[in-house]
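Taking it in order: structure first as structure tokens, then the write-up.
The values are calculated or read from the model by the stated rules, or taken from the named source; none is laboratory data. The structure presented is a predicted model; accordingly, all values stated were derived computationally and were not measured. Neighbour counts are summed over all protein chains in view; Cβ atoms, including those assigned to glycine, are modelled from backbone coordinates with ideal geometry.
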Amino acid sequence: MRTLAPGTLAVSCQAGPENPFHGPAGMALMAQAAEAGGAGAIRANGPRDVAAIRAVTDLPIIGIHKLGDPAGVFITPTYDAAVGIVAAGADLIALDATLRPRPDGQPVARQIARIHSELGVPVMADVDTLDAGLAARDAGADVVATTLSGYTNGRPPTGPDVELVRQLAAKLDCPVVAEGRIRTPEDVRSVCDAGAYAVVVGHAITNPMDLTARLVAAVPLS
Ligand SMILES: CC(=O)N[C@H](C=O)[C@@H](O)[C@H](O)[C@H](O)COP(=O)(O)O
């Protein structure tokens with residue numbers, strides 16, 4: 001079983017339909033590029049992308065399956081959503097473990113227990129707050145990640161939530177993963193100094209439109 005090693009920088013290879021890299025072929029290329037650059041794990045969405053990435057790398061894959069309403073619980077919202085991504089080759093399942101109501105009405109502890117017992121893989125809890133992180137660990141999560149900080153309370157997201165990483169790392173007896181809006185080497189160092197076990201980076205690596213737009217915006221108008 002492939003596991004997330006301490007000090008891993010994982011690359012989240014996800015692309016929406018607006019991104020020319022959208023789809024399994026593009027995501028497999030993105031994962032290969034990430035591995036060539038030294039990434040130690042890949043995060044990917046949906047059975048098709050996970051399978052395409054599994055075919056080109058032996059790195060650990062953090063699998064998710066986004067389903068339903070993006071304004072609610074939609075990162076692997078149910079046990080059933082996890083089944084296909086494990087079959088496709090994911091080594092670890094990430095799921096929304098915020099304290100919001102879940103679409104199937106089941107407690108997150110039940111989803112985690114079934115993933116453990118029926119699929120045999122560990123679970124990474126994507127949370128937004130310290131309380132959700134503590135609850136997720138109590139519910140059986142093996143790893144807790146800051147993925148959803150800034151996305152559930154209407155606060156405009158800016159940089160990474162370094163403070164949440166620090167709080168979770170101080171209170172939890174499991175690995176804490178920093179994820180969300182990490183864009184620079186300084187961001188990576190900040191979350192590592194705050195106690196992150198591993199770091200996941202998405203847009204700053206895998207969204208060339210954002211990267212281009214940031215630099216275009218810096219060109220002085222003539
Ligand atoms: C909030 C949400 O839905 N986050 C998603 C989780 O899988 C992805 O869209 C993010 O790209 C990923 O978390 C990495 O974060 P960033 O792209 O900021 O480095």
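Okay, here's what the table says:
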{"quantity": "Residue in region 152-166 that is crowded, with 17+ Cβ neighbours inside 10 Å, of a type outside the set (D, E, K, R) and more than 22 Å from THR8 (Cα to Cα) present", "calculated": "yes"}
{"quantity": "Some residue of region 147-162 being within 12 Å of the ligand (Cβ to nearest atom), among the aliphatic types (A, V, I, L, M) and assigned to a loop (DSSP other than H, G, I, E, B)", "calculated": "yes"}
{"quantity": "Positions within region 149-184 being free of Cβ contacts under 8 Å to residues at least 24 places away in the same chain and more than 18 Å from the chain's Cα centre (by Cα), in sequence order", "calculated": "GLY154, ARG155, PRO156"}
{"quantity": "Identity of the residue in region 185-212, more than 16 Å from the chain's Cα centre (by Cα) and within 11 Å of the ligand (Cβ to nearest atom), that ends up surrounded by the fewest Cβ atoms within 10 Å (Cβ to Cβ)", "calculated": "ASP210"}
{"quantity": "Residue count, region 128-146 (criterion: more than 16 Å from the ligand (Cβ to nearest atom), charged (D, E, K, R) and outside any helix (DSSP H, G or I))", "calculated": "1"}
{"quantity": "Test: residue in region 4-14 that is aliphatic (A, V, I, L, M) and farther than 30 Å from ASP193 by Cα", "calculated": "no"}
{"quantity": "Filter result (assigned to a strand (DSSP E or B) and within 11 Å of the ligand (Cβ to nearest atom)) within region 163-184", "calculated": "VAL177, ALA178, GLU179"}
{"quantity": "Evaluation of ALA31 against (1) more than 21 Å from ILE182 (Cα to Cα); (2) crowded, with 24+ Cβ neighbours inside 10 Å; (3) away from the ligand (no atom under 13 Å from the Cβ) (one fails), failing number", "calculated": "(1)"}
{"quantity": "Filtered residues of region 89-127 (kept if among the β-branched types (Val, Ile, Thr) and in a helix (DSSP H, G or I))", "calculated": "VAL108, ILE112, ILE115"}
{"quantity": "Residue check for ILE85: away from the ligand (no atom under 16 Å from the Cβ), buried (at least 23 other Cβ atoms within 10 Å of the Cβ), at pLDDT 95 or above and not in a strand (DSSP E or B)", "calculated": "no"}
{"quantity": "Which listed residue, of VAL108, VAL123, is of a type outside the set (Asp, Glu) and within 16 Å of the ligand (Cβ to nearest atom)", "calculated": "VAL123"}
{"quantity": "Where a residue in region 38-52 is away from the ligand (no atom under 15 Å from the Cβ) and its partner, wherever it lies, is in a helix (DSSP H, G or I) and modelled with pLDDT under 95, with Cβ under 6 Å and at least six apart", "calculated": "none"}
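A quick yes/no check of all residues on (1) over 30 Å from ASN153 (Cα atoms); (2) within 11 Å of the ligand (Cβ to nearest atom); (3) surrounded by 20 or more Cβ atoms within 10 Å (Cβ to Cβ):
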| residue | (1), (2), (3) |
| --- | --- |
| ALA55 | yes, no, no |
| PRO70 | no, yes, no |
| ALA81 | no, no, yes |
| ASP104 | no, no, no |
